[in-house]
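Please treat every number below as a calculation from the coordinates, not as lab data. Given the structure is predicted, the values throughout are model-derived calculations rather than measurements. Counting neighbours? That spans all protein chains shown, and the Cβs are built from the backbone with ideal geometry, glycine included.
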Amino acid sequence: MSAPLKLSVAVVPARNPQNPDFFWVQRNPVLPFMGRFHAFPGGKVDETDKNSCVFGSENQAQNKLIFAGVREVFEETGVLLVENNKLLETELQKARLKLLEGELDFENFLLENDLKIDFSRFLEAGKWVTPEFQPMRFEASYFLVWLSEKEEKQCKIITGELVEGNWIKPNLALELWEKGEVLLSPPIIFVAKELAKGSQNISQRLKNTPKILGMPGKRIEFRKGIQLFPQRTLTLPPAEHTNCYLVGTQKLSIIDPASPFEEDQKFLFEYLENLEKSSGMFPGQILLTHHHPDHVGGVNVLKERYKIPVLAHEETAKLLQGEIEVDQTVRDGEILKIDGFCELEAVFTPGHAPGHLCFLEKNTGTFIVGDMISGFGTILISADHGGEMALYLKSLEKMLTYDFDVLLPAHGGSIGDAKGKIKQYLEHRLMRERKVLKAVQKGSKTFTELLEIAYDDTPKNLWEFAKLSLKAHLIKLKNDGKIYGFDELTQIRKTNESIYSKLKF
Ligand SMILES: [Zn+2]
């Protein structure tokens, strides 16, 4: 099941209708959802948000969204989008800080000060839905508000959840995105493109959100030249999708066309054909991060349809023998020139799988990392499926030596705190290793006893996976010479036959 949709709101603060620009904010890279992205002020509609204090409309659902939007804009920029505002700057500041600390009832505050929200200022600017692959999903209503001169001068962020906020011309925003200097989600790109054309009929144009194959905002291109195309696969929970990436501005490298489902494969074909018609892009080659079935399910049909070669590491080619023919092997450090804009470097990162490759897009510093890191927070290292803990840790360390600021994993959303996340993974594994070693030293004799102690913080429903991980840790500890006499543990047969036979590892 994909994550449930939560109602949210975003407000585009704009100025100068003659030659418009807008105020955008940058989210802190460490945030788990859309970290490092530039966005418009906004957020989730809270239980405390009311439909009161808005005049000019009887649409109560809409009024509640606008109420939430006013609260979010006040929190994030300090601008209070209300009429009849006689409050002093210092009073506003105080209220904002209290609101941020959860100590201010926003409705009471508006009522006490006789502040009203004018519905007519909030121009509808489209609805956007977070795609299914994300761990958190929102139905976001966008509104555009023209700020008065006084209001525009008040816009100022408080560092924390946000790290930056400034006025920017839409064309400059798009230029920064084209250069790979900022991360933008589809709604921001769309709003910037429309505002760049001027303010005439802006609400009407923004409401007409782009639809590809009937689905709103399906083209996801956080960074120019790298499109994300999530596909349904039989992967490990909680993920249900594998991210296929299309890299290039003309000849496309298709990384991990993963879905084994005919319907999803067809959807990818249609998407590719649509791209060819609309932008002249065409499939050039298929790249594989590794051999696991939730990454290669759609390779053969894609290869057959477009007569394009499959490229992978030699080890992956060996493991896929008889199932998928790899036409060209890729070595560590090989530069895959794709077209004028994109340049991928293959980085050999064994550990999760023997032939695992990550692909670094060098112009934008974007690291496509397959199953080395997950957007959901956990990667399985299973000795029964080609995994090796010691190699995995070495590969994580190796990744840190490259130049990049964003990770694009095969499962879940992008990761803005790229190096921080890799370091976190390293620390987490070493913490686990210490726990396993301690449990062994304390005299745990059986696999189950070890599991109960070393994974006491892991929910029981995940223990089937934890068993695989524990085994990988034990093998590493044994090879490191830190434990001995545990042959019967390290030789445990496939501990989770049922799940993996389904996945055909
Ligand atoms: Zn995998």
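Annotation note: chymotrypsin sites (Phe, Trp or Tyr not before Pro) in region 393-430 located in DSSP loop regions with a Cβ neighbour count of at most 15 within 10 Å are Y402.
Spin-label model, E334/S278: points 7 Å from Cα along the beta carbon direction are separated by 3.2 nm.
Reported to the nearest whole Å, the Cα centre-to-centre distance from region 39-67 to region 357-393 is 42. Loop-located trypsin sites (Lys or Arg not before Pro) across region 188-287 with a Cβ neighbour count of 13 or fewer within 10 Å are K197, with loop assigned by DSSP.
Placing a label point 7 Å from the Cα of Q250 along the Cα-to-Cβ direction, the residues of region 267-283 whose backbone N falls under 17 Å from that point are 275-283. In a DSSP loop and with at most 16 other Cβ atoms within 10 Å, there are no GluC sites (Glu not before Pro) in region 352-421. Treating r as the C-beta distance of K169 and E304 and R0 as 60 Å, the FRET efficiency rounds to 0.80.
For L162, the residues 5 or more places off, or on other chains, whose built amide H falls under 5 Å of its own are N28. Each DSSP beta bridge with both residues in region 219-429 is either parallel or antiparallel, and the antiparallel ones are about 65%.
Considering only alpha-carbon pairs that sit under 8 angstrom and 6 or more positions apart, the relative contact order computed for the chain is 11 percent.
For the pair E221 and E449 in one chain, pulling the backbone fully straight at 0.36 nm per residue adds 77.4 nm over the alpha carbon distance.
Between E58 and E263, full extension at 0.36 nm per residue minus the direct alpha carbon distance yields a gain of 69.5 nm. Shape analysis of region 219-429 based on the Cα gyration tensor places the equivalent ellipsoid semi-axes at 24, 19, 16 Å, largest first. Using the alpha-carbon positions of region 29-149, Rg (one decimal) and Dmax (whole number) come out as 14.9, 46 Å. What FRET efficiency, computed as 1/(1 + (r/R0)^6) with R0 = 22 Å and r the Cβ-Cβ distance, is obtained for N85 and D105, rounded to the nearest 0.05? So the FRET efficiency works out to roughly 0.75. Extension gain for the segment E178 to K153, taken as residue separation times 0.36 nm less the Cα-Cα distance, is 6.1 nm to one decimal. With the largest listed first and rounded to whole Å, the semi-axes of the equivalent ellipsoid of the chain from the Cα gyration tensor are 45, 29, 19. Phi angles of region 57-65 translate, via the Karplus equation with coefficients 6.51, -1.76, 1.60 and θ = phi - 60°, into HN-Hα couplings of 8, 9, 6, 5, 5, 5, 4, 5, 4 Hz per residue; Gly and Pro are given as x.
Helical runs assigned H by DSSP (4 residues or longer) give the chain a calculated mean residue ellipticity at 222 nm of -10500 deg cm²/dmol, each run adding -39500 (n - 2.57) before division by the residue total.
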